[in-house]
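The values are calculated or read from the model by the stated rules, or taken from the named source; none is laboratory data. Since the model is a prediction, treat every value here as computed from it, not as a measurement. Positions of Cβ are backbone-derived with ideal geometry, glycine not excepted, and every protein chain shown enters the neighbour counts.
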There are 2 protein chains.
Amino acid sequence: MSKYQDIYNQIRGDIERGEYKAGSTLPGEFFLMEQYNVSRDTVRKALGLLAANGYIQKSRGVGSIVLDINRIEFPVSGLVSFKELAPVLGDHVETRVIAFEKMHPDERIKKELELNDEDWVWLIQRVRKVDGEAVILDTDFLNAQIAPGLTEEQAKDSLFAYLEGDLGLKIAYAEKEITCQAATNMDRRWLDLKDNNMVVSVVSHTYLEDTRVFQYTSSRHRPDKFRFKDFARRIQKA
Amino acid sequence: MSKYQDIYNQIRGDIERGEYKAGSTLPGEFFLMEQYNVSRDTVRKALGLLAANGYIQKSRGVGSIVLDINRIEFPVSGLVSFKELAPVLGDHVETRVIAFEKMHPDERIKKELELNDEDWVWLIQRVRKVDGEAVILDTDFLNAQIAPGLTEEQAKDSLFAYLEGDLGLKIAYAEKEITCQAATNMDRRWLDLKDNNMVVSVVSHTYLEDTRVFQYTSSRHRPDKFRFKDFARRIQKA
DNA sequence: ATGTATTTGTACGTATGTATG
DNA sequence: ACATACATACGTACAAATACA
């Protein structure tokens, strides 16, 4: 862990614990330099992370203003695994693995994961229950060349933990697309849809640091249980 | 415009025009220093912007790899006004203003915009037509203390252009929440919902650089025309 | 209205660390 | 073992926006 990440985590903790209150300004950069005994560059990198993640708003001539973190609740946006998200969703979260097999990709998956006919993929389907109701149906395709020794236990626990922790892979970024779609028979079979005839579809491609796609996921949500929160900064135009 | 923003825009243009091809690596930081005759710090700030916006993936010991920008199409995520988004949505985009008045806020709006009883807000309702179909119903509440002289013409054109251009306000960030909801009578009255009985709701608070909320918006979309794209980076854990 | 201090932003330079190939 | 490339961290100087006396 680098110095600026340490300082980021410390200040973030201070904000989350309310030691820096929403609406107040943080100590200035030169003060923080002394407090942490680092250069201004290091302080500014830490503050940059805080700004990017919605903890502060920096303003020239004014200072760094602490934002109201309660309003944002927690990053349901970003790139976070279901397991990491679970504490936010509620107390009773379960995952049931309904399919787990190694197979050759069909045309669609070959294209999504940039594979050839002779390559292998893992197909993993999981139903997520929150408070006893099946509300999310995840279908994952993983490049099996990248994660050859995957087990069903790991799929039930957390794919990300296995890939990052055990394999040492670096998950870098993802593209997601959210749309609404008519419920399919699969949706009706596995989800407690009640009288909903639509689902919210979140399709994502996940990439490693070397820019290889390793995961293609379709996540289908019961609409009344779907919620996506986003924190977006305005990009200055030319 | 600062040097690093210039360089960001130039390299971004080169990527969008295909002069740097997806999968290739950009020239190294030291090469770019010479090419643009700037310091490494300046080059790295430009590359940092490119990485944050999904144009490149930086990798230590390897270089900065150009990502496939066609896949992402264009930032439907982020903080972008409807007018700025229009070119992406299609050729025939119209806005009709169906309500425009200055009023006192009710309890709900007072809370959302952090106002008092005696304050004023603008209520603006707009229907967005894409290819002849009414698919989005926007309801905006604006702090009228911040934008006193707003006109219906400006509301029809672009609120952001007025606020940033004419008033010189700095729009900094927004929080958005996406959910699905049952269609209301208002939705059915103004939108071409066909046989949809739900809408996708995007509720957002928009903030100025001094962290004042100035806009609270409810944007209701016909589900089959709703699409949200997101580019998310993985945050390294402690 | 003016000047001064404060605060963040930009830009430059240098050195060393770390991962990759 | 070596060269290459990005990452971190230190330093300095000045610019630009804001706040306040």
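A:MET103 fails exactly one of the following numbered conditions: (1) touching a residue at least 24 places away in the same chain (Cβ under 8 Å); (2) in contact with a Leu (Cβ under 7 Å, 6 or more places away or on another chain). What is the number of that condition?
(1)
Quick check on B:PHE74: is it surrounded by fewer than 17 Cβ atoms within 10 Å (Cβ to Cβ), at pLDDT 95 or above and of a type in the set (Phe, Trp, Tyr)?
On the way: surrounded by fewer than 17 Cβ atoms within 10 Å (Cβ to Cβ): yes; at pLDDT 95 or above: no; of a type in the set (Phe, Trp, Tyr): yes.
No: the conditions fail for B:PHE74.
State all residues of region A:112-134 that are under 28 Å from A:LEU191 (Cα atoms), of a type in the set (D, E, K, R) and free of Cβ contacts under 8 Å to residues at least 60 places away in the same chain; if no residue qualifies, say none.
Within region A:112-134, A:ARG126, A:ARG128, A:LYS129, A:ASP131 qualify.
So, of the residues in region A:34-43 that are touching a Lys or Arg at 6+ places or on another chain (Cβ under 9 Å) and part of a helix (DSSP H, G or I), which turns out to be nearest to DNA strand D (Cβ to nearest atom)?
Within region A:34-43, the match that is nearest to DNA strand D (Cβ to nearest atom) is A:THR42.
Could you please find all residues in region B:1-28 being in a loop (DSSP other than H, G, I, E, B), of a type outside the set (A, V, I, L, M) and within 12 Å of chain A (Cβ to nearest Cβ)?
Here is the first cut: in region B:1-28, the residues in a loop (DSSP other than H, G, I, E, B) are B:1-2, B:17-24, B:26-28.
With of a type outside the set (A, V, I, L, M) added as a condition, the list becomes B:2, B:17-21, B:23-24, B:27-28.
Passing the criteria: B:SER2, B:GLY23, B:SER24.
What's the number of the only condition in (1) in contact (Cβ under 8 Å) with a residue 24 or more places away in the chain; (2) more than 11 Å from chain A (Cβ to nearest Cβ); (3) within 8 Å of DNA strand D (Cβ to nearest atom) that B:PHE31 fails to meet?
For B:PHE31, the failing item is (1).
So in region B:208-228, with the set limited to residues that are at the interface with chain A (Cβ under 8 Å from one of its Cβ atoms) and crowded, with 20+ Cβ neighbours inside 10 Å, which one is modelled with the highest pLDDT? Quick ask: steps written out before the conclusion?
Of the residues in region B:208-228, the ones at the interface with chain A (Cβ under 8 Å from one of its Cβ atoms) are B:209-211, B:223-224, B:226-228.
Okay, now just the ones that are also crowded, with 20+ Cβ neighbours inside 10 Å, so B:223, B:226.
Numbers: B:PRO223: 93, B:PHE226: 89.
Among residues in region B:208-228 that are at the interface with chain A (Cβ under 8 Å from one of its Cβ atoms) and crowded, with 20+ Cβ neighbours inside 10 Å, the one modelled with the highest pLDDT is B:PRO223.
Can you tell me which residue is surrounded by the most Cβ atoms within 10 Å (Cβ to Cβ) among those in region A:149-162 that are over 28 Å from A:ARG189 (Cα atoms) and out of contact with any Lys or Arg (no Cβ under 9 Å at 6 or more places or on another chain)? Give the steps one after another, and end with the answer.
First, the residues of region A:149-162 that are over 28 Å from A:ARG189 (Cα atoms): A:149, A:161-162.
Okay, now just the ones that are also out of contact with any Lys or Arg (no Cβ under 9 Å at 6 or more places or on another chain), so A:149, A:162.
Numbers: A:GLY149: 9, A:TYR162: 18.
That would be A:TYR162.
I need the full set of residues from region B:136-167 which are in contact with an Asp or Glu (Cβ under 9 Å, 6 or more places away or on another chain), modelled with pLDDT under 90 and under 30 Å from B:LYS194 (Cβ atoms), in order please.
Once the filter is applied, which keeps residues that are in contact with an Asp or Glu (Cβ under 9 Å, 6 or more places away or on another chain), modelled with pLDDT under 90 and under 30 Å from B:LYS194 (Cβ atoms), region B:136-167 yields B:ALA155, B:SER158, B:LEU159.
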